[in-house]
Structure formats: structure tokens, C-alpha cells
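Working notes, structure below.
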Amino acid sequence: MFDRYDRGRDRAQHWIDETAGKPIRAWVAPILLAFAATAAFVGLFRLLLAAAGGFGPAGRWTVAAIIGTVAVIVLVIVTRNVVVSLADPSQRRLLLIALITSGAGILSSVQAVVALTIALSDDPPSLWTIERFYLWRLVGSVPLLDIPARLEWTEPPVLPGVSGHVLELAFALVVIPPLVRVGIALYGHAEDRARERNYSEALAHRFQARSSWSSLADPRLTTIAAAAGVTWTLVELYRHTPTRILSLTTLAGVVTAAALAVAARAAVRRMYDHLSEQAVLITLACAGLLVWFDSPVRELLLPSAASLGLWAKLGVTLAAWLVLLLVVLVFVWSDPEFLEALLALTLVIGFLGADAPAAGWLREHVTWRPWELPLGQALATAGGWFTVAFLVHLVWAVARRQQILGRADHGDTASGLRQDLRAYALRAVHLVIAAGAALTLLRSAHAATVSRPTAGPWTEASQSLTAAVWHVVDSLPGPDVTDILDWRLTADVTGRWAGLVIILAVGATVLLVALPLIRTVALWARLTAGRPRSSDALASVPGAIADDLTAVVAFMEDVAANGRPEMTFVPRDRPRPFGSRVRLVIPTDAPARRLVQAELNMAALVRLFGHESAWYQAADRAFTATARAFGVNGLPAAPHPGAGRRQDTVAAARAAVDEYTALIAGWRAAWQAGAPVGEPAAAPAATE
């Protein structure tokens, strides 16, 4: 029994160690599996709690003690592993254990406070009512998002009096902080790895003279969307009119969809080149819209412009145009994200909403109906679908954006930092525009309502965009901008779906804009710091490969001198009842794992420097020689001592690894000495 227990424990420890060494995305499957197993186990707790409603006081307290004990044990495990992983970031296995047990911590803790609520209540409410109250309290603890208020989710207290308040406070102080620390530890671990990876890649790109970074829209999605808009118009005709599928109307719709697809593809590919030459006209149009049309922006920036006369408005328009032209040309015109934001804003206001001006103009003035196809309606619908597709592209580009710093700044880190800061700020504008478009679509689908609708020239899209901007700005930490500016919404979009859109917008702004922006500033600080730290980061991946290969070669040399590798053991003490201890031994396959890890790092080396770099050429020679020595004739088994060919291959591996290690050491020494070094000098390949 003890042998089986030890073997199972060793297999579990080996699996945890192996999984912890993988990237974080490999942790998702075991964490989800642990959550599923925990949910099934907690189902037994719910059955016990459902039965506890009919118990007496003693039975209720017994059930509460049992579930509370389990919850305390799980929370102690989670807290201990999180604290140790924060103190020592190299302990990835402890962070993995904390993540696997965090689901059990959440669910068992909720069940524990539910059991205490039932034990303290004379007439407890239903089990789901109590659980929903504490889940509401748990969700409400997430900072910035204000999830319960935005989703219009309220729950009445389940335990009146002082005891209910004390239990709720204990839940907030004892249960929530350990779980929050799990999230912080996971993000910190991922952030550290991302920061170091970005640092190494940025340093490597400074030696490669890569081409400038650019942002161009992928026309495939928008092309499909433009054609799909016309197709949807045909579907509406089939549903509400006696139009047949096999008819000339369908033929006209197919021809129109194909023509719009071609036009959309050409427009997306050429619009950046065309718009980039129209700075004067674009800023003049923006100045005219700002001064002459009533809008939230004018009420905020030029509240007295409505009462001005004709010549005064012309003068203000000229002044606003000159200011806009100067600011735009100097600061943001060179950024492709600025043109994307302008285009997205124009499309949203023009095509989304029941009173969209561009869509309304097409419906009113394009009256040609080839074979009874309402061409104006088809074009308006295609424009709306094109707008949605373009916004999806922008949101996807925010999530996939790569930093310019270190890649396209050609050594001028200050220039790369400025470009990144502007780009992230404009990406935040993209997210807000997408949120405003989503609110507009919800209003069109009658899934959201408008409080205090405003009469006048404001459209549904402009009201929704204003509401999205206000909520995102009001949710961000720091100064209360909306209160300082005395900014009040005249028309707010409300409802649970609208609240979900704002939650997603605020969360995306924090995760995809604010945190990467902070990481970029930290990266710029490190890139402009001292040279020795830069050399360590740049040589970290080549150095890791050298360390792994050196360990494998040392293992093979030890095998050749002392005997077969299967006789190598690692002792491990195990406690046994009655005070005695048994000494167990297990075989080790560490050299094979280190050889595999070296091969995995070779891929990272290619990503940093490319196949033709001296780093990769030297590492490839060392890895090939070591792998050849580790398994002669293609055999993956451990090496056999005593063979002359084996000794030759081990000696060749040692020579190649020593050459590679010396290359790294010489390059690092030259860097620290201040010599103008780039990549290490390529050594000639050894001839066989």
C-alpha cells in the first residue's frame, strides 16, 4: 500500500514539475479539469446543505463545521503556495498548485459561508438565494469594473442583524483576499516572462535592422462583410415579400454583392495611402463639425459657439482648423492608428443607428431598383456590416499589437517610446469607439434603453459614443475627471447588456492598453540603462542552451568513466508510520529533459536572431554534436560506455559545446568592456 502511494505521489510530483515548466497556456487544461472536478465534489456539499435545512441546530452546526474545515484547509493551501511563489518567482510549481486549488477555494468557501448562514438563521431562505448573494458579493469585489451595478444585479441580505453583517465582512476579509492574490501572482508571473521576452527581443532587433512597423487592415473580413450586407437584404426580401430565390432579383443582388466586395477590397488597401495625403481637408472638416454642429464635443470645448454670429463662427472655425492642423501634423498624423480611429468614427456615425445620416441618405436618394432590388437599402446595409467588420478588425489589432520600441526605432529608444505611447492611446480610442458602436447596435435591437433622450441633431450613434466615453473615463482610477470637468451625461444607454459592454470596454482598456503601456515605459527604462544588464538579457537564451548542453555532455562523460546510466539514482526519504523512515531510489532522466529543453530554446534563438545569425550557427553545431553523442545510430536510449565511436562523439560534443560557451563569454566580456559589438563573430563550421 505504501509502495503504491509513493509511486502515485512520485507520478503526481513529476507531472506537476513537468507541467510547471511549460508555458502558461499549457496550464489552462489542467486548471479547467480541476475546476470541473471541484464542481462535481461541491455538488455533494450542496446535497448536504439542502438536507441541512431540515436538521436541528446541532445538525446544522455539524454540517457547517465539516464544510468549513474543508474550506479552511483549501484556503491555507492556496495562501501558502501563493505566498511562497510571490517570495520566490522560480517556484512555478507552487503557483500551478495554487491555481489548480483556487477553484476549490472559491466554491468551498462559498459553501462554507452558506452553511454558516443556514446555521445562524432561524428561517433560512433557499439555498440558491444564499449562494447568489455571496457570489454577488464576490463579483462586486473586482476593482474598476463595478460589475453588479453595471449589470443591474442586486441581491437582498440573506441574514439580518449584526450576525449577517459580521459574516459578510468575514467573507470579504478572509475568503476574497487569497483568491485576489492568486490572480495577482498569475498576472505577475506572466508579466515578468513577457517583460523579459520583450526585452530580449527588443535588444535582438536593434542588431537586425528590421523594417519599420506598420498597421494595415486585412481586407478579407471587411470584403466578406460588405457582400454579406447585400445578402442580408436579399434574405429580408425573401422573408417579407413574395420574392423567389431563383429570380432576377437574386441575380441583381449577387452582382451587387460582388461589386461591393471588389470595391471594399480596393478601398481597404488604398484608403491609408489616400487619407494620409488629406491632412488639410480632414482637419478643416473636423473644425467645421466642431464649430457649426451641436455635439457633446462642442458643448465640452466650445460651449458658447452656438450663440456666435456668422463671421465670428468663420473666425473660430479658422482658428480651430489651424490648431487642429498643427497638433495633428506634429503629434499623431504619422500614426496609422489615427487614420483608423477617424475612419471608424466616421463609419459608426454614418451607418449605425436608426437615424444614421449616411445610411438614410442612401435609402432616400438611391432609388434605382434593378429587378425590384432596393439598391439604396442594400448599400446602407452593406455599409453597416462593413462598419462592424472594420471595428472587429480594430479590436483584434489591439489584442495583437506588437511594440515598436526596440523593433523599428533603429536605436532611438525615445522615438520608439513616443510612438508606442501615442499608439496605445489611440488603441484606447479604438476600444471606446467599438463600445459605442456596440451600444448603438443594442439600441437598434431594443436590447438597451436610453435615459433622458436628447432632442436635436444628435444621432443614436453619437449619443452611444458619448455614453461609452463617459463611462470608460469615469471608471478609470485616479482623478475623478468627469466630476472635475462637471461633465454630466444628457443621454445614457442603460440595461444589462449595455452594462456588459461597458465592463468589457473598461477591462479591455486596462488589460490591452494601460498595462502594456506601463510595460513599455519599463522596457524603455531598461533599454536606456547600463550595458552589462543588456548583455545579460541578450545572452540569456544562448546561455541557457549552453548550460543545458554542458550538463548533457558532462553526464555522458561521467557515464563513459563510471558505468551505465541506468544505475544512477536520486535518493528520497519518505516518512513511514511508527517513526521509522524508508529510503527510496528512483531513476533520473534529467539529461534527456535538458537536451529537449535546449532544442526548445533553439526555436527562441531563431526568433531572436534568425537562422543566419552567428548565435544560431554556433548553437546548432553544438546541439547537433551533443544529440549525435547522446544517441548513436539514431537510438534515443542512454549512451553505452566503452565503445570507441561513443568516446569520439562525446569528445566532439565537448569541443563544440566549449566553442559555443567561449563564444558567449567573449561576446559578453566585449559588451561589458564597452566595445562596439553586434552579434558574435561567426566561427567556421567544423568539418567532419
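The values are calculated or read from the model by the stated rules, or taken from the named source; none is laboratory data. Computed from a predicted structure; not experimentally measured. Neighbour counts are summed over all protein chains in view; Cβ atoms, including those assigned to glycine, are modelled from backbone coordinates with ideal geometry. Side chains included, ligands, DNA and RNA excluded: accessible areas come from the protein's heavy atoms. Shrake-Rupley method; radii C 1.70, N 1.55, O 1.52, S 1.80 Å.
The residues in region 614-640 that are open to solvent by 60 Å² or more (accessible area, probe 1.4 Å), outside any loop (DSSP other than H, G, I, E, B) and modelled with pLDDT under 75 can be counted, and the count is 2. For residue 649, the criteria (1) within 36 Å of the chain's Cα centre (by Cα); (2) at pLDDT 65 or above hold in every case but one, which is (1). Among the conditions (1) more than 30 Å from residue 426 (Cβ to Cβ); (2) at pLDDT 80 or above; (3) touching a Ser or Thr at 6+ places or on another chain (Cβ under 8 Å), the only one that residue 229 does not satisfy is (1).
Selection over region 120-178 of residues that are in a helix (DSSP H, G or I) and among the polar types (S, T, N, Q) gives a count of 2.
Scanning region 247-259 turns up one or more residues that are open to solvent by less than 20 Å² (accessible area, probe 1.4 Å), more than 41 Å from the chain's Cα centre (by Cα) and of a type in the set (A, V, I, L, M).
Only one of the numbered conditions (1) of a type in the set (Gly, Ala, Ser); (2) open to solvent by less than 50 Å² (accessible area, probe 1.4 Å); (3) under 25 Å from residue 597 (Cα atoms) is violated by residue 68, and that is (3).
Given the structure, is residue 397 out of contact with any Ser or Thr (no Cβ under 8 Å at 6 or more places or on another chain), open to solvent by less than 60 Å² (accessible area, probe 1.4 Å), touching a residue at least 12 places away in the same chain (Cβ under 8 Å) and small (Gly, Ala, Ser)? No: the conditions fail for residue 397. Reported count of residues in region 51-65, each being loosely packed, with under 12 Cβ neighbours inside 10 Å and among the hydrophobic types (A, V, I, L, M, F, W, C), is 2. Residues of region 84-123 that are under 13 Å from residue 182 (Cβ atoms), surrounded by fewer than 18 Cβ atoms within 10 Å (Cβ to Cβ) and in contact (Cβ under 8 Å) with a residue 12 or more places away in the chain: 86 alone. Return a yes/no flag: does region 473-487 have any residue that is hydrophobic (A, V, I, L, M, F, W, C) and under 26 Å from residue 386 (Cα atoms). No, there is no match, as no residue in region 473-487 is hydrophobic (A, V, I, L, M, F, W, C) and under 26 Å from residue 386 (Cα atoms).
Considering 34, 40, the condition of being assigned to a helix (DSSP H, G or I), of a type in the set (Gly, Ala, Ser), closer than 16 Å to residue 102 by Cα and in contact (Cβ under 8 Å) with a residue 40 or more places away in the chain is satisfied by 34 alone. Against the criterion of being charged (D, E, K, R), part of a helix (DSSP H, G or I) and open to solvent by less than 70 Å² (accessible area, probe 1.4 Å), residue 25 does not qualify. Against the conditions (1) surrounded by 22 or more Cβ atoms within 10 Å (Cβ to Cβ); (2) under 20 Å from the mean Cα position of the chain (by Cα), residue 513 satisfies every one except (1). Can you list residue pairs whose Cβ atoms sit under 7 Å apart, with the first residue in region 237-257 being farther than 14 Å from residue 369 by Cα and the second being modelled with pLDDT under 85 and open to solvent by less than 30 Å² (accessible area, probe 1.4 Å)? Count only pairs 6 or more apart in sequence or on different chains. As it stands, the answer is 257/227; 257/230, since those pairs meet every condition given.
The set of residues in region 455-488 being open to solvent by less than 70 Å² (accessible area, probe 1.4 Å), at pLDDT below 85, touching a Pro at 6+ places or on another chain (Cβ under 9 Å) and not aromatic (Phe, Trp, Tyr) consists of 459 alone. Pairs are defined by a Cβ separation below 6 Å, a sequence spacing of at least 6 or placement on different chains, a first member in region 488-505 that is assigned to a strand (DSSP E or B), and a second member that is crowded, with 20+ Cβ neighbours inside 10 Å; the pairs so defined are 492/467; 493/439; 493/448; 493/464; 493/467.
Residues that are open to solvent by 60 Å² or more (accessible area, probe 1.4 Å) and touching a strand residue (DSSP E or B) at 6+ places or on another chain (Cβ under 9 Å) do not occur anywhere in region 138-149. Considering only residues in region 276-289 that are at pLDDT 70 or above and open to solvent by 30 Å² or more (accessible area, probe 1.4 Å), the one that is nearest to residue 318 (Cα to Cα) turns out to be 284. Given the residues 376, 353, which is the only one that is buried (at least 17 other Cβ atoms within 10 Å of the Cβ), on the phi > 0 side of the Ramachandran plot and touching a Ser or Thr at 6+ places or on another chain (Cβ under 7 Å)? From the options 376, 353, the qualifying one is 353.
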